[in-house]
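Notes for the one structure printed next.
Bear in mind that the values in this text are calculations on the coordinates, not laboratory data. Remember, it's a predicted structure, so these values are computed and weren't measured experimentally. No Cβ is skipped: glycine too gets one built from the backbone with ideal geometry, and neighbour counts run over all protein chains shown.
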Amino acid sequence: MRLLDRYLLRELLLPLSYCLSGFLVFWVSFDLITELETFQRHQMTAGDIASYYLVKMPELLVLIVPIAFLLALLYALTNHARHHELIAIRAAGVSLWRTAMPYLSVGFLFCLGIFYLNEFLAPDGTDKAERILHRRETAAPGALERQWQRNLNFKNDFENRIWNIAAYNTETAEMVQPQVEWRLPDGTRKNILAARAEYTSEGWVFHDVVEVIYAPGQTGTRIDTNRLAMAEFGETPELIRSEIKISGLSNIRAARKAQLSIREIRNYLRLHHRLPAAESAKLNTQLQGRLAEPWTCLVVVLIALPFGAAPGRRNVFVGVASSIFICFSYFVLLKLGLALGTGGYLPPWLAAWFPNMLFGAAGFWMTNRLP
């Protein structure tokens, strides 16, 4: 790494750490004051509260990292421009794009980090926070009831299989009174009714089973068995969790809390090939939004460069204010695009990627026009 790159990174990382820590402290303090009565009602200790905010932190970081990165980048660039450092760098034969390489590298690392948080940590953060919130109520009536999903019914379009489950334990993947119906390629129809089922290394294992086989043109043949392992069933507990989570999005309260990963959306779409147009638009827009969201940090760099690196600027806040307004417009357009895509008024890919393409191209064009 060149000496210049190390210097630019050092001047960026200090304000970046201040912005990130400031946003985190402000959010945690505000939320703690708001939820303090709730924490007291659930008899949470200081350790419980710390764990609660720790599991919710990934979801918060996804929101604040691009904003904190923008503010830190604007401050660093405008400060360099105010002291004529960028002019000296360019006079030495270093182009503005080469100067921006450390910023683009940090932005790319943030892209990878946001993708990881969105895919592996944030989706389960709300559920984990709820479990921490209620962990002192394990002895209370109905505490275990929250683990059970009642009357779970869904169809696997990919394998043409219908599931009807009286109760499903989201923690242990145990089923009570499952009923599975599917049709073989030769037209034979099978129906399994069991007292319970569990997921093991053998796949789904059904207990106290009644299996009814309907061959084409014949009456049903009944087979009773104590134990039946169905390794060929592709509905894993992960797929069923995706089904439960996404099917609950029609509930407004659940939709506000939902944080879906790319894996969960793809699992759901794999199970359901023939979705209604409205639901298909909603899920595909969510999927494209998850793919587009991490690239916001690179767009932030392209937005900040022409405003922060403009020569002759002496007031550090002018470029900051101008670019914040542009960034605010970017986020408004992003939310508007997702809303239009969810409503089916725009193709999902265009609704999710258009703000990135528009503001990225505008930032690239404006940066090339700098003298």
In whole percents, the bins of 10 Å from zero upward hold the Cα-Cα pairs of the range 160-233 as 20, 52, 24, 4, 0
Fewest-first ordering of 105, 247, 29, 201 by Cβ atoms within 10 Å yields 201, 29, 105, 247
Inter-label distance for residue 195 and residue 83, nm, one decimal - labels placed 7 Å from Cα along Cα-to-Cβ:
7.8
Out of 163, 358, 173, whose Cα points farthest toward the positive end of the dipole of the chain (charges: +1 Lys, Arg; -1 Asp, Glu; placed on Cβ)?
358
Cα-based Rg of the range 32-188 normalised by 2.2 N^0.38 Å, two decimals:
1.73
For residue 196, residues with placed amide H under 5 Å, excluding near neighbours
177, 207
Pairs of Cα atoms under 8 Å, at least six residues apart: use those to get the relative contact order of the chain, whole percent.
18
Enumerate the helices in the chain for which the Kyte-Doolittle hydropathy averages -1.0 or more and the C-alpha atoms extend at least 20 Å along the helix's axis, using complete DSSP H runs.
3-41, 46-82, 101-116, 277-292, 316-342, 348-368
Listing 83, 207 by rising number of other beta-carbon atoms within 10 angstrom, fewest first, gives 83, 207
Viscosity 1.002 mPa s, temperature 20 °C: give me the Stokes-Einstein translational D for the chain in µm²/s, with Rh taken as the Kirkwood radius over C-alpha pairs.
88
Hey, how many Å between the Cα centroid of the range 94-111 and the Cα centroid of the range 1-74?
23
Over its alpha-carbon atoms, the range 197-249 yields an Rg and a Dmax in Å of 14.7, 42
Total charge dipole magnitude, the range 160-233, about the Cα centre, Cβ charges on Lys, Arg, Asp, Glu only, Debye to nearest 20
280
Which order do 56, 190, 335, 245 fall in if you start with the one that has the fewest other Cβ atoms within 10 Å?
335, 190, 56, 245
